[in-house]
1. I want to make sure I understand the PRE zone here: with the label point 7 angstrom from the Cα of residue 57 toward its beta carbon, which residues in the stretch 74-88 have backbone N atoms less than 16 Å away?
2. How long are the three semi-axes of the equivalent ellipsoid for the stretch 46-119, computed from the Cα gyration tensor as the root of 5 times each eigenvalue, in whole Å, largest first?
3. Lys/Arg Cβ at +1, Asp/Glu Cβ at -1, dipole of the chain taken about the Cα centre: which of 60, 194, 228 is farthest positive-ward?
4. In vacuum, with every alpha carbon of the stretch 139-244 counted as one equal point scatterer, what does the Debye formula give for log10 I(q)/I(0) at q = 0.10 Å⁻¹? Two decimals, please.
5. Relative contact order (percent) for the stretch 46-119, with alpha-carbon contacts under 8 angstrom and 6 or more residues of separation?
6. Set the bar at 25 Å for Cα to Cα. Now go through 98/212; 30/137; 78/129 and name every pair that lies beyond it.
7. Kindly express, to the nearest 10 degrees and within the range 0 to 90, the angle between helix 180-190's C-alpha long axis and the longest C-alpha principal axis of the chain.
8. Please state the charge dipole magnitude for the chain, taken about the Cα centre, from unit charges on C-beta atoms (+1 on K and R, -1 on D and E), reported in debye and rounded to the nearest 20.
Amino acid sequence: MHYPIKIALGQNATIFPKINRIAYNVFMNKIDWIFFDVGGVLIEDDVFEETRRSLLLRTLRVLDSSITESNLDEMMLKASSMTGPINDNVLNLFIRDKQKLYIARNFLAGRKNELNEAAAENCVRKEAKIVLGKLAKKYQLGLIANQPTANKILLEEAGVSKFLNHFLVSQEHGFGKPDLRYFQSVFNATKANPQRSVMVDNNIERGLHPAKRLKMTTVWFNAHKKEVPDDNNVDFTVNNLQGLLDLFC
């Protein structure tokens, strides 16, 4: 029996491709590693992301008051697909004039304290320790995340890091998503086979598109239940960490 294109496995997880239950079970037995993004997945960072978005919009409107939130959202998708910091990518996409770009960067840099205050609100999701503890009994777990090393402290303090067999972030690898060299560096360090590995990420363009290019299984962490884009490279979607137990346990 084949399930329809969108199959609910439980309250928190969904399969997108057509797949029968036997094939699904066989497939899951071939998974060795599950890799996680940090911001927006293991760590709840809604305040930071809203502050970042607001600051970018204010910065751009200093130079062009006609820029809308929709314009920014569109450019942030493009910026996510590019290597380098998202903030820099957004400014480079919008602003071609070097002098105006200099003004915009200075304006944004002058409001760094606002971002730092917002980042202080970041916290590890309350279910992370339980979920990763259960997954760690069956799989190797690791990070593929564009994060400063300072954010690892939050995972350590929450008792989550002990379940992660690979606890290095982009800064320690010298590359960042969506650069395929970052993924390959992680595979080299862990000896993980990408075809037997899963990527859990809340950013399709930055994390899941490159993961799919490497033939990883992709899980979209869609906490805000956004509409699924047509060209999404998503094998599964979850709305919370508990959904990973519906999928993999």
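Read-outs throughout are calculated quantities, based only on the coordinates presented, and are distinct from any laboratory measurement. Computed from a predicted model, the values in this text were never measured in an experiment. Cβ sites come from the backbone with ideal geometry, for glycine too, and all protein chains shown count toward neighbours.
1. Hits in the stretch 74-88 for residue 57 at 16 Å: 74-77.
2. Sorted largest first and rounded, they come to 17, 15, 12 Å.
3. So the residue we want is 194.
4. Values, matching the q order: -0.27.
5. Numbers: 45 pairs, mean separation 31.6, N = 74.
Dividing the mean separation by the residue count of the stretch 46-119 yields 43 percent.
6. Details: 98/212 36 Å; 30/137 15 Å; 78/129 33 Å.
Too far apart for the 25 Å limit: 98/212; 78/129.
7. So the inclination is approximately 40 degrees.
8. That gives the chain a dipole magnitude of about 720 debye.
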